[in-house]
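Bear in mind these aren't lab numbers, they're just calculated from the coordinates by the rules spelled out. Since we're looking at a predicted model, the values are computed, not measured. Please note: Cβ atoms are built from the backbone with ideal geometry, for glycine as well, and neighbour counts cover all protein chains shown.
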Amino acid sequence: RDYRDVDEEFDAVVAGRVLHHIHPLDDGLDRIAALAPLLIVDEFAGDLIDDAGQDWYESQYRILVAAGSPPKAPASIDVWRAKHPDLHPHGVVLDGLRERYDERTLEWVPYFHRWLRGPSSEALETSLIAAGAFPAIGWHWVGVRRARR
């Protein structure tokens, strides 16, 4: 059923890796805010992928392919970017969320491991982020809808 047909309110909405795709974003966020007072978001900031992160990801991808476990993920970040030119930058999404909800949590987390799905991808990515090799591009966010005026 299409969310635009829903007239009831829910306790919460969970948005998993979708907000960066919503067009027009403001209309989508308005609808989400109308649906629930609590919003839980699992997102990623593709716009924060730097050269070091891209190099690490692509080398891990090649290693997994060579080991006979090719990920069902993009082999090249540049090709992925070319296929997704209209994704919202994370700052635009966060600004839109903060206009409608009071932020309770913003946590930056590893993300590449979700694409790679290698046996040690998450641990390795986490340690490299902690060492400052490249930024975390995943983020978790929780907000409570602002009082309606």
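Things to note:
- Here the condition is being without any contact (Cβ under 8 Å) to a residue 40 or more places away in the chain and over 30 Å from PHE10 (Cβ atoms); of THR126, THR105, it holds for THR126 alone.
- Every residue from region 95-149 that is out of contact with any Phe, Trp or Tyr (no Cβ under 8 Å at 6 or more places or on another chain), over 26 Å from ARG62 (Cβ atoms) and among the hydrophobic types (A, V, I, L, M, F, W, C): TRP141, VAL142, ALA147
- Count of region 19-41 residues which are touching a Leu at 6+ places or on another chain (Cβ under 9 Å), of a type outside the set (A, V, I, L, M, F, W, C) and touching a residue at least 24 places away in the same chain (Cβ under 8 Å): 2
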